[in-house]
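Chemist: Sharing a structure here in structure tokens format.
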Amino acid sequence: MKKATIILPTYNESANIKELIKSIVSKKEMVNGWQLEVLVVDSTSPDGTADIVRGLQKEHESVHIIMTGKNGLGQAYLEGFAYAINTLKADVVFEMDADLSHDPADIPHFIKAIEQGADMVIGTRYSKGGSIPANWALHRKILSIAANIIVRIGFMNLKQTEWTGGYRAIRKWVVQKITPRMSGYTGYVFQVAFLDKALKSGAQVKEIPVHFVDRTAGVSKISTPQYTFQTLWYVFTHSSFIKFALVGVMGAVIDFGLAYTLRAGGLMILLANAISTEIAIISNYLMNNFWSFAHNKVQGGAVQFILNLLKFNIISAGSIVIQLLGIRIGIALAGESYWMVYKFLTISFVVIPYSYILYTKIIWKKR
């Protein structure tokens, strides 16, 4: 029989933990072929959370608890993952909030998605059938929705609707592969970082809709300013799309700078621009391969490397054609005076997405 361990990080959750654990345990009969275990990772709560859990252990042998320092949500999950897999021998681990925000009735749906082939299942509040609390203040709704949109756009992964949610089921192999690279993410940004690394590692991620319910007892542990900064910083420093855009800016500097230098040295305008453009293309290819898309960099030796450089040139040529068409259309509609505006808009909203999509589908595609 396969085993799934639901990990519950806690700090001062005495008002919620008993009801939650009893609800989880009651779902055992709804999951055929699986043994459900509950693992509480308590950060030395002063309110007696651990004592309540120990009392429940006398009634339910499937309930476990480990004690840890107050080192953040990410660290609690890392310690929980290690104990669940190494000691409890879990095949699948769950992340779940301990404040009754997540409905244990959804556990069978997560298990079903795992059985159907998913490596990681995420409960999403932002797709059809999911929801956030209707009584949330407007600023909280905006912050929650905006955070997910920023991450989706930042990673150019619009398909993934939920990045920050904490209701998840994860296969053992994903946890074992990702956790060695997660030690620096102790706060709530852990959720974004883990999903990003799981996707880049080839994990098949599926979403199922869930209704998120606001806690009615206890106090939230999240620091909104810190969480916002950490999330934005993670996206900025780990997004292939943002790196790709920065490489494009550096390529433009190389192109214009070299063209000006060669022209000043006496070369014809067309020849100077042809040389500078090709050198910029090669520079972009190298920086993208070893930085932007380092997790999917070109394999197969020198021959494959050169073949992909040729493909990169062809796609780049398409970008130039798109720019010219955008400028021509702009001039036809509004005249020549704002041709730089047409160029900027075409690059921003057409060329960059076009290039990024083709590069990731053809040259740096997932393996």
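Chemist: Within segment 228-240, which residues are part of a helix (DSSP H, G or I) and crowded, with 18+ Cβ neighbours inside 10 Å?
Modeler: Matches in segment 228-240: Gln230, Thr231, Tyr234, Val235, Ser240.
Chemist: Then there's this: Among the numbered criteria (1) in contact with a helix residue (DSSP H, G or I) (Cβ under 9 Å, 6 or more places away or on another chain); (2) more than 18 Å from Ser127 (Cα to Cα); (3) not small (Gly, Ala, Ser), which single criterion is violated by Lys159?
Modeler: The single condition Lys159 does not satisfy is (2).
Chemist: Answer with yes or no whether Ala280 is of a type in the set (Gly, Ala, Ser), closer than 28 Å to Leu262 by Cα and surrounded by 15 or more Cβ atoms within 10 Å (Cβ to Cβ).
Modeler: It is true that Ala280 is of a type in the set (Gly, Ala, Ser), closer than 28 Å to Leu262 by Cα and surrounded by 15 or more Cβ atoms within 10 Å (Cβ to Cβ).
Chemist: Looking at segment 190-232, which of its residues are modelled with pLDDT under 90, within 19 Å of Gln75 (Cα to Cα) and of a type in the set (A, V, I, L, M, F, W, C)?
Modeler: Ile222, Phe229
Chemist: When segment 1-23 is examined, which residues are found to be buried (at least 16 other Cβ atoms within 10 Å of the Cβ) and either at pLDDT below 95 or closer than 17 Å to Arg215 by Cα (or both)?
Modeler: If the condition is that a residue be buried (at least 16 other Cβ atoms within 10 Å of the Cβ) and either at pLDDT below 95 or closer than 17 Å to Arg215 by Cα (or both), then Leu8, Pro9, Thr10, Tyr11, Asn12, Glu13, Ser14, Ala15, Asn16, Ile17, Leu20, Ile21 are the ones that fit.
Chemist: All but one of (1) touching an Asp or Glu at 6+ places or on another chain (Cβ under 6 Å); (2) surrounded by fewer than 13 Cβ atoms within 10 Å (Cβ to Cβ) hold for Gly129; state the number of the condition that does not hold.
Modeler: It is condition (1) that Gly129 fails.
Chemist: Given the criteria surrounded by 17 or more Cβ atoms within 10 Å (Cβ to Cβ) and either touching a Phe, Trp or Tyr at 6+ places or on another chain (Cβ under 7 Å) or at pLDDT below 95 (or both), does Tyr167 qualify?
Modeler: On the way: surrounded by 17 or more Cβ atoms within 10 Å (Cβ to Cβ): yes; either touching a Phe, Trp or Tyr at 6+ places or on another chain (Cβ under 7 Å) or at pLDDT below 95 (or both): no.
Judged against the criteria, Tyr167 is not a match.
Chemist: Is it the case that some residue within segment 321-331 is surrounded by 14 or more Cβ atoms within 10 Å (Cβ to Cβ) and without any contact (Cβ under 8 Å) to a residue 12 or more places away in the chain?
Modeler: The answer is yes; a qualifying residue exists.
Chemist: Take the residues of segment 332-356 that are among the aliphatic types (A, V, I, L, M) and either surrounded by 12 or more Cβ atoms within 10 Å (Cβ to Cβ) or touching a helix residue (DSSP H, G or I) at 6+ places or on another chain (Cβ under 8 Å) (or both): which is farthest from Asn288 (Cα to Cα)?
Modeler: Step by step, filter segment 332-356, then rank; the result is Ala334.
Chemist: If you scan segment 104-153, which residues turn out to be part of a helix (DSSP H, G or I) and among the small types (Gly, Ala, Ser)?
Modeler: Matches in segment 104-153: Ala105, Ala113, Ser144, Ala146, Ala147.
Chemist: Starting from segment 186-203, take each residue that is free of Cβ contacts under 8 Å to residues at least 12 places away in the same chain and list its partners that are assigned to a helix (DSSP H, G or I) and surrounded by 21 or more Cβ atoms within 10 Å (Cβ to Cβ), counting only C-beta distances under 9 angstrom and pairs at least six apart or across chains.
Modeler: Matching pairs, first to second residue: none at all.
The values are calculated or read from the model by the stated rules, or taken from the named source; none is laboratory data. This structure is a prediction, so every number in the text was calculated from the model and none was measured. When we count neighbours, we look across all protein chains shown, and the Cβ atoms used for this are built from the backbone with ideal geometry, even at glycine.
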